[in-house]
Amino acid sequence: YGTFFLGLDVRDKLLQNTDLRQALNASIDRNILVDKVLKSGQKPAVNLIPQAQKHSGLNLAKAQQLLLESGFDVNIDKLTLLYNSSQNQKKVALAVAAMWRQNLGIKTQLKNQEWKVFVSSRKKPGKQVFRGGWIADYYDPMNFLQLFHSQSQFNYYGFNSAVYDGLLEKIMNTDKENQAVLISQAQAVLNKEVPMIPLYQYVSRHLVRSNIAGFEDNALDQHLSRYLKQD
């Protein structure tokens with residue numbers, strides 16, 4: 001129950017432009033990422049909250065039109081993508097940068113840092129695009145949505161929307177049975193404003209002997225030993 005995404009610092013001079021953020025989002029083919037780059041069973045993600053997807057999110061015509069409207073000059077402007085030092089992170093960063101270059105003509109400088117340095121850098125202003133992601137602590141969409149509340153300690157994106165904050169407040173004060181519409185509306189705000197670009201849903205891989213009983217797949221990937229036994 002987790003989603004890998006790229007964070008966008010909406011305080012940045014270039015990334016303040018919503019059209020540019022939407023263009024970056026619509027120019028990525030998630031199917032290529034999961035099938036050709038990662039190749040470990042990950043699922044494409046076009047939303048922050050994990051759910052089954054029917055498309056890769058790629059819409060070249062829309063992306064190119066939005067880029068044109070954004071005023072981004074591909075001959076002058078460029079972006080920086082910050083990620084932590086890891087082979088998988090490097091592969092994803094290279095693939096995304098290649099798609100932006102091929103589909104939009106945007107040049108991206110890749111910058112990697114060791115984990116502790118990266119964690120510190122991610123919290124500070126002065127960045128543009130950066131590696132993100134979230135694996136839920138419990139099975140509830142709010143665990144994802146709260147990341148982008150204006151007052152969240154995890155809001156590294158500079159995202160500040162009174163409409164979004166208001167929706168989260170309504171969700172918190174609504175019975176679970178009646179939250180679905182509000183959650184969809186909150187998700188729609190994120191998809192429109194694009195403070196982050198979802199790329200794929202995390203998966204876990206386990207090697208389990210055939211004579212082990214009680215090991216059941218579940219979204220939180222919790223496998224308590226008291227439920228396991230050998231047949």
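The values are calculated or read from the model by the stated rules, or taken from the named source; none is laboratory data. Since the model is a prediction, treat every value here as computed from it, not as a measurement. Cβ: placed from backbone, ideal geometry, glycine included. Neighbour counts: every protein chain shown. Protein only, heavy atoms only, side chains kept; ligands, DNA and RNA dropped before computing areas. Shrake-Rupley method; radii C 1.70, N 1.55, O 1.52, S 1.80 Å.
Miscellaneous remarks
- Number of positions in segment 171-180 that are surrounded by 11 or more Cβ atoms within 10 Å (Cβ to Cβ) and either modelled with pLDDT under 90 or of a type in the set (D, E, K, R) (or both): 0
- Conditions (1) touching a residue at least 24 places away in the same chain (Cβ under 8 Å); (2) closer than 24 Å to Ser204 by Cβ; (3) in a helix (DSSP H, G or I): number failed by Ala23: (2)
- Check on Phe72, modelled with pLDDT of 95 or more and either within 26 Å of Leu38 (Cα to Cα) or outside any loop (DSSP other than H, G, I, E, B) (or both): no
- Residue selected from segment 98-132 under the condition over 14 Å from Gly7 (Cβ atoms) and of a type in the set (Ser, Thr, Tyr), by the criterion most open to solvent (accessible area, probe 1.4 Å): Ser120
- Candidate set: segment 181-208, residues that are in contact (Cβ under 8 Å) with a residue 24 or more places away in the chain, open to solvent by 50 Å² or more (accessible area, probe 1.4 Å) and assigned to a helix (DSSP H, G or I); chosen: the one nearest to Ala162 (Cα to Cα): Glu193
- Hits in segment 209-231 (condition: hydrophobic (A, V, I, L, M, F, W, C), without any contact (Cβ under 8 Å) to a residue 24 or more places away in the chain and surrounded by 10 or more Cβ atoms within 10 Å (Cβ to Cβ)): Ile212, Ala213, Phe215, Leu228
Residues checked against (1) among the β-branched types (Val, Ile, Thr); (2) under 23 Å from Leu147 (Cα atoms); (3) part of a helix (DSSP H, G or I):
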| position | (1), (2), (3) |
| --- | --- |
| Ile76 | yes, no, no |
| Lys91 | no, no, yes |
| Ala97 | no, no, yes |
| Ile106 | yes, no, no |
| Leu110 | no, no, no |
| Lys116 | no, yes, yes |
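- Filter result for Gln201 (closer than 15 Å to Asn47 by Cβ and not basic (Lys, Arg)): yes
- Candidates Ala95, Ala136, Ala162 - the one that is under 18 Å from the mean Cα position of the chain (by Cα), surrounded by fewer than 20 Cβ atoms within 10 Å (Cβ to Cβ) and modelled with pLDDT of 95 or more: Ala95
- The set of residues from segment 134-161 being outside any loop (DSSP other than H, G, I, E, B), under 17 Å from Gln201 (Cβ atoms) and among the hydrophobic types (A, V, I, L, M, F, W, C) comprises Trp134, Ile135, Phe144, Leu145, Leu147.
- Residues that are in contact (Cβ under 8 Å) with a residue 60 or more places away in the chain, surrounded by 15 or more Cβ atoms within 10 Å (Cβ to Cβ) and not in a helix (DSSP H, G or I), drawn from segment 27-56: Ser27, Ile28, Asp29, Gln42, Lys43, Pro44, Ala45, Val46, Asn47, Leu48, Ile49, Pro50
- Residues of segment 78-89 that are closer than 21 Å to Val203 by Cβ and in a strand (DSSP E or B): Tyr83, Asn84.
- Residue count for segment 52-97, restricted to those that are farther than 29 Å from Tyr1 by Cα and touching a strand residue (DSSP E or B) at 6+ places or on another chain (Cβ under 8 Å): 2
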